[in-house]
Amino acid sequence: MGKTIAQKIFASHLRDTPTSENMVLDLDVVLCHEITTPIAILDLMEKGMDRVFDPGKIKAVIDHVTPAKDSKTAMQGKIMRDWAKRHAIVDFFDIGKNGVCHALFPEKGYIRPGYTVIMGDSHTCTHGAFGAFAAGVGTTDLEVGIYKGVCSFRSPETMKISLTGKLGTGVTAKDVILAIIKKITVNGATDRIIEFGGPLLESLSMAARMTLCNMAIEAGGTSGICPPDRVTAEFLWPFIKDEYKNLDEAVNDFKKWHSDSDAEYVESLEIDVTALPPQVTVNFKPDQVRDITEMEGTPVDQVYIGSCTNGRIEDLRDAARILKNRTIAAGVRGIVTPATPLVYQMALQEGILAIFMDAGFCVLNPTCGACLGMSSGVLAEGEVCISTTNRNFNGRMGKGGMVHLASPYSAAAAAVTGVITDPRKFL
Amino acid sequence: MKTFGGPAIFLDRDDINTDEIIPAKYLTEISKMALKPHLLEDLLLAGKPFDNQSEAMQKAQVVIARANFGCGSSREHAVWAFEVNGINVVVAQSFARIFRQNMFNCGILAIELAQEEIAALFAMTGRITVRVDISEGMLRAASDDPRQAELRFSFSLNLFDRDLVSAGGWLEFADKKY
């Protein structure tokens, strides 16, 4: 019987099988940020275990609240800084160079096909876009990862989602993943990996694939995963060009991380996106999703464009297409946070930040900030935000606030009209 | 082996997420104890805010809920918030993967029972105390209402998770073994 991508990665990284249901994997990369790592660091210090398994395989960033907003977040940053220095962790991104982890680390070329990746952050599944097994874990798993370079998993099964058809104007990967979560529900992928495939996937950029994989966790998925192909190789080329003679060689090599034709899936779905309209969430669960046409006219107080889901340059370009020569509706607050310094610079050079500012947006530095209600755009009770982020849980962006998840096009359209609006009117 | 159980509190909802268990604004804390007053602060039950300061909540050592408990964020703070409030068992129809692993990694229990068994627990009258015996794989729910008979359910723990609980958690286990 053939193997799935994930099974091939597991087989090549297997350290131990403590039971037939469990596996302990060797890790290629352990990613760290300042919210879940400091407690791990302090615990390791307290237990006399303050070591790192391989400083070159640890990548760290301060991204959730940056610059620090108060003494507590300042201390979280300091613990990270001191630790990175103490252990000679070279790939540590502090203020000025920092950005949202799941946008920054791929941009640096740290994630490669066939890798095993963990981070103390549920949206680590984003990195599966590169054909890696990437899973969010808690602080204890992170701690063991830092200290021993291993992580345990109850062996997940793989479900396949084949994407077919053609995306309509104004419809994006964000709309596709929202439609998928609606279909399979918030626990439809629990203890499963979602392997994306199909002809549409081959045509999607790495940014779009990251958007898809990013929200696998909103269906309970352990990871999303995409077969690495020419698009992947082109994205990674600056980082792998010394390892391969040419791009074709890399593309061929990546095929070893494709599922076999006779691989078995626990479930297979085919989704034709041709007739899919833009999607938006309603209420407090990410599977509560409607066609935007059903939600039009819902007033919004704030529009938030950014995050590990949709804060990349492609996303900002989408929003700017609608915002160009238009202004934010009266009474609406617009916030954009380019996900990384590189995205910020590109947006600056392409004139996109000028479009946002002319429209009346506040341009923030790269940070997770308001996505999880920690800083930089927290909602007041009773307020409504249309957001390009990934969670609409009760209280997520501030106690008593309501979050409608949508694409950058849909967020930009709402900024212009002040109400949820089908963005296709502007395209 | 350590014993698990105590007075139970019932949270009658599916998909209770980690943001509801401990809101992100408290993730700036670097001490687990600081999370104590904020457990379940943003929980909505039947659309209404949950009273996390009630007497039943203060006494609870066991949480009983429905399906997909602990979905959302990876924050182990959700598990610690239970731990520092004296809660050592969560019983549910199913768990989100990361939350479930975080529970066992901390050496405390996430026990899955069938939907009808969870329904039977919710249907019990009186104040409920739950006792869990890991070696027997048995959960007993007793009521202070004399008309309510004790309910017993067998459960199975993943053997590796059971070893983690015995070892006191994953760090201790991994430190010895890898």
* Structure fact -> Treating only Lys and Arg (+1) and Asp and Glu (-1) as charged, each at its beta carbon, one finds that region A:279-426 has a dipole about its Cα centre, in Debye to the nearest 20, of 120
* Structure fact -> With every protein chain kept in place and a 1.4 Å probe, chain A has an accessible area per residue in Å² of 33
* Asked: When chain A is treated as a GNM, springs tying every alpha-carbon pair under 10 Å, which of A:Ser387, A:Ser12, A:Ser20 comes out with the largest mean-square fluctuation?
  -> A:Ser20
* Structure fact -> Summed over the other residues with a beta carbon less than 11 angstrom from that of A:Lys324, with K and R at +1 and D and E at -1, the charge totals +2
* Asked: Projected onto the charge dipole of region A:69-124 (+1 at Lys/Arg Cβ, -1 at Asp/Glu Cβ, origin at the Cα centre), which of A:Gly96, A:Gly120, A:Met75 gives the Cα projection farthest towards the positive end?
  -> A:Met75
* Asked: In nanometres, what is the gap between the two model label sites at A:Glu249 and A:Glu381, each 7 Å from Cα along Cα-to-Cβ?
  -> 6.5
* To do: Go through region B:92-112 and flag every residue whose accessible area shrinks by 20 Å² or more with all protein chains in place compared to the isolated chain (probe 1.4 Å).
  => B:Arg97, B:Ile98, B:Arg100, B:Gln101, B:Asn105
* Asked: Summing -39500 (n - 2.57) over the DSSP H runs of n ≥ 4 in the protein assembly as shown and dividing by its residue number, what mean residue ellipticity at 222 nm do you reach, to the nearest 500 deg cm²/dmol?
  -> -9000 deg cm²/dmol
* Taking a spot 7 Å from the Cα of B:Gln58 along the direction of its beta carbon, which residues of region B:1-45 have an amide N less than 20 Å from it? -> B:6-11, B:33-43
* Structure fact -> Carbon/sulfur accessible area of region A:279-426, % of total, 1.4 Å probe, equals 51
* Would you work out which of B:Ala114, B:Phe153, B:Val165 lies farthest towards the positive end of the dipole of region B:57-178, given +1 charges on the beta-carbon of Lys and Arg and -1 on that of Asp and Glu, about the Cα centre? => B:Ala114
* Structure fact -> Of B:Ala67, B:Ala167, B:Ala120, the most mobile residue in a GNM of chain B (C-alpha springs, cutoff 10 Å) is B:Ala120
* Asked: So which residues of region A:16-36 lose at least 30 Å² of accessible area, probe 1.4 Å, when you go from the chain by itself to every protein chain present?
  -> A:Asp16, A:Pro18, A:Thr19, A:Asn22, A:Ile35
* Average Cα contact separation per residue, chain A, under 8 Å, 6 or more apart, as relative contact order % -> 17
* Cβ charges +1 (Lys, Arg) and -1 (Asp, Glu), total dipole of chain A, debye -> 720
* **Radius of gyration and Dmax over the Cα atoms of chain B, both given in Å** => 15.6, 52
* To do: Hey, can you find the accessible area per residue of chain B for me, probe 1.4 Å, expressed in square angstrom?
  => 38
* Asked: Any idea what the dipole of chain B comes to, in debye rounded to 20, about its Cα centre with Lys/Arg Cβ at +1 and Asp/Glu Cβ at -1?
  -> 240
* Give the carbon-plus-sulfur fraction of the accessible surface of region B:44-96 in %, rounded to a whole number; probe 1.4 Å, heavy atoms of protein chains only. => 52
* **Of all accessible heavy-atom area on region A:5-270, the percent that carbon and sulfur account for (1.4 Å)** => 49
* Asked: Counting only protein heavy atoms and rolling a 1.4 Å probe, how much accessible area do A and B lose on contact, total for both sides, in Å² to 100?
  -> 4200
* Asked: B:Met138's amide H: which non-local residues (gap 5+, or another chain) put their own amide H closer than 5 Å, with H modeled 1.01 Å from N in plane and none for Pro or chain starts?
  -> B:Asp133, B:Phe155
* Asked: Hey, got the Cα dimensions of region B:80-149 along the principal axes, in Å, largest first?
  -> 38, 25, 24
* Asked: Of A:His87, A:Leu44, A:Phe105, which is farthest on the positive side of the dipole of region A:35-131, counting Cα position, with +1 on Lys and Arg Cβ, -1 on Asp and Glu Cβ, and the Cα centre as origin?
  -> A:His87
* To do: Count the DSSP beta bridges whose two residues both fall in the protein assembly as shown, then state the antiparallel fraction as a percent rounded to the nearest 5.
  => 35
* Between the chain alone and the structure with every protein chain in place, find the residues of region A:164-194 that drop at least 10 Å² of accessible area; heavy atoms, 1.4 Å probe. => A:Val186, A:Asn187, A:Thr190, A:Asp191
* B:Val84 paired with A:Ser12, simple spin-label distance in nm, labels 7 Å along Cα-to-beta-carbon -> 4.2
* Structure fact -> For chain A, inverting the pair-averaged 1/r of distinct alpha-carbon atoms gives a Kirkwood value in Å of 21.6
* Asked: What's the center-to-center distance, using Cα atoms, between region B:1-43 and region A:107-153 in Å?
  -> 25
* Which lysines have a Cα less than 25 Å from the Cα of A:Lys256, not counting those fewer than 8 places away in the same chain? -> A:Lys3, A:Lys8, A:Lys57, A:Lys108, A:Lys160, A:Lys241, A:Lys245
* Asked: Ignoring the sites themselves, what is the longest stretch of chain A with no GluC sites (Glu not before Pro) in a DSSP loop and at most 15 other beta-carbon atoms within 10 Å?
  -> A:22-242
* To do: Give a residue-ordered list of calculated ³J(HN,Hα) values for region A:94-110 (Karplus: 6.51 cos²θ - 1.76 cosθ + 1.60, θ = phi - 60°; whole Hz; x for Gly, Pro).
  => 9, 3, x, 10, 8, x, 4, 3, 7, 9, 5, 5, x, 4, 7, x, 6
* **Average Cα contact separation per residue, region B:4-177, under 8 Å, 6 or more apart, as relative contact order %** => 22
* With Cβ to Cβ distances under 15 Å as the rule, what net charge do the other residues near B:Phe155 carry (K, R +1; D, E -1)? -> -1
* How much net charge surrounds A:Asn98 when only the other residues with a Cβ under 14 Å from the Cβ of A:Asn98 are counted, with Lys and Arg +1 and Asp and Glu -1? -> -1
* From phi via Karplus (6.51, -1.76, 1.60), per-residue ³J(HN,Hα) for region B:58-73 in Hz, x at Gly/Pro -> 4, 8, 4, 10, 9, 10, 10, 9, 8, 8, 6, 6, x, 6, x, 5
* Which FRET efficiency, nearest 0.05, do A:Val282 and A:Thr169 yield, Cβ-Cβ r, R0 25 Å? -> 0.60
* Theoretical gain in end-to-end length, A:Glu21 to A:Glu294 [0.36 nm per residue, Cα-Cα removed] -> 93.9 nm
* On a C-alpha basis, how far is the centre of region A:2-24 from the centre of region A:206-227 in Å? Whole number, if you could? => 20
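The values are calculated or read from the model by the stated rules, or taken from the named source; none is laboratory data. Please read these numbers as outputs of a predicted model, since none were measured by experiment. We place every Cβ from the backbone using ideal geometry, glycine too, and count neighbours over all the protein chains shown. Remember, those area values only see protein heavy atoms, side chains included, never the ligands or the DNA or RNA. Shrake-Rupley method; radii C 1.70, N 1.55, O 1.52, S 1.80 Å.
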